[in-house]
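Enquirer: The structure under discussion is supplied below as structure tokens; questions concerning it will follow.
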Amino acid sequence: MTPLFKKLNFKGQKEIAIFNAPVEFQKELDEIMNETVVKTSPTDNTDAGFVISFVKSKKEIEDMAAFLQKKLEGDPVIWFAYPKGTSKKYKVDINRDSGWESIQKLGFETVRAVSIDDDWSALRFRFSQFVKK
């Protein structure tokens, strides 16, 4: 397992979903494909217990959150990766602190933040009923 997937709480799930991954994430994808089945399209029949969705806009967050709310059950590991404000490659209207209102309205809460690389960070979300208060 790669250090990044360890940091992202990958625990050997039989199937994972990684949506809209940028080209620079391909090395990580190639390595994790040796350990698990990786679905890369929301049209795949995805019941993954581990999801990373790369997003660059509030609209992408809204669409993916609505999809995940309907599709996933239990307490899956859900990450939304987004470009860092310091990224020279991407200019976006979201950051760690804003742009997540639509996912929060659907019952998700932020529980952790990690750095993926120089351009991407990720926020882990959980369904509110699984967050310890």
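Enquirer: Going by amide H atoms built from the backbone, whose H comes under 5 Å of the H on I52, apart from near neighbours?
Expert: Here A17, I18, F19, W79 satisfy the definition.
Enquirer: So which GluC sites (Glu not before Pro) in region 70-133 are both in a DSSP loop and have at most 10 other Cβ atoms within 10 Å of their Cβ? Intermediate results must be reported in sequence, preceding the final value.
Expert: Working: sites: E73, E101, E109; in loops: E73.
Here the sparse-neighbourhood loop sites are E73.
Enquirer: Would you mind getting me the FRET efficiency between Y90 and D44? Use the beta-carbon distance for r and R0 = 25 Å, nearest 0.05.
Expert: Numbers: r = 26 Å, r/R0 = 1.02.
After rounding, the FRET efficiency stands at 0.45.
Enquirer: Now a separate question. From the backbone phi of region 95-106, what are the Karplus-calculated ³J(HN,Hα) couplings (6.51 cos²θ - 1.76 cosθ + 1.60, θ = phi - 60°) in whole Hz, Gly and Pro given as x?
Expert: Coupling constants for region 95-106: 8, 4, 9, 9, x, 9, 4, 5, 6, 5, 5, 8 Hz.
Every number in this text was worked out from the coordinates using simple rules, so none of it is lab data. Note that this is a predicted model, so its numbers are computed, not measured. As a convention, Cβ positions derive from the backbone with ideal geometry for all residues, glycine included, and neighbour counts pool all protein chains shown.
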